[in-house]
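The values are calculated or read from the model by the stated rules, or taken from the named source; none is laboratory data. Worth saying up front: this structure is predicted, and the values here are computed from it rather than measured. Cβ placement follows ideal geometry from the backbone for every residue including glycine, while neighbour counts extend to all protein chains displayed. The protein model used for the area step is the full one, side chains on, heavy atoms only, and it has no ligands, DNA or RNA in it. Shrake-Rupley method; radii C 1.70, N 1.55, O 1.52, S 1.80 Å.
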Amino acid sequence: FVRPGDTLGGIAHDHKTTVELVRKSNNIAGDIIRPRQRLLILQGEFSAKVDKSDNTLELDFNGRFFKRYRVGTGANMNTPEGTFVVEERIIRPPWWHDGRVIPYGDTNNVLGTHYLKLNIPGYGLHGTWAPETIGTHASAGCVRLLNSDIEELYTLMPLGTQVTITE
């Protein structure tokens, strides 16, 4: 139940989820909630496993399979391996390339609609404007997804979500 002074952001943070998932689960269009309003909150944690050899991302919920996505990974297998966490979530991301910022919407910006930055400099999960690269090793090292898929992951994966990348 919503208490006086609660916000969607605070509720999402306290329950280790995203504002977007709280909105979607409760059919809330904006940011307005009322004291004593009852909200449905998904209890548990998501994690992701990227397999570079078959270009898939498996999303787990509470350690159990939830959904599989096709992805694109780095050319020459240069997507880093290890266990990372989502440290920033960006809608309409700008892209830094060759020492300059390429804004969202510029035809040279390759990042798609959403970006989940990992805690390794320069790497993350992002959408793409080139869907034909999904399932291939063609990126500069990031994990690419269809824009519709990264938008779904953005809704499900809060800050701190673990992402393991293996060969």
What about GLY30, is it of a type in the set (Gly, Ala, Ser) and within 20 Å of the chain's Cα centre (by Cα)? no
Of all residues in segment 26-83, how many are more than 30 Å from HIS137 (Cβ to Cβ) and not β-branched (Val, Ile, Thr)? 16
Tell me whether segment 64-84 contains one or more residues that are within 23 Å of GLY9 (Cα to Cα) and out of contact with any helix residue (DSSP H, G or I) (no Cβ under 7 Å at 6 or more places or on another chain). no
What pairs come up if the first residue lies in segment 69-82 and is farther than 17 Å from LEU145 by Cα, the second is open to solvent by less than 30 Å² (accessible area, probe 1.4 Å), and their beta carbons are under 6 Å apart, counting only those six or more places apart or on different chains? GLU81/ILE165
Among residues belonging to segment 114-155 that are of a type in the set (S, T, N, Q) and over 16 Å from the mean Cα position of the chain (by Cα), point out the one that is least open to solvent (accessible area, probe 1.4 Å). SER139
In segment 47-65, which residues are touching a residue at least 40 places away in the same chain (Cβ under 8 Å) and among the hydrophobic types (A, V, I, L, M, F, W, C)? ALA48, VAL50, LEU57, LEU59
Selected residue [modelled with pLDDT of 95 or more and touching a Phe, Trp or Tyr at 6+ places or on another chain (Cβ under 6 Å)] from PHE46, PHE65: PHE46
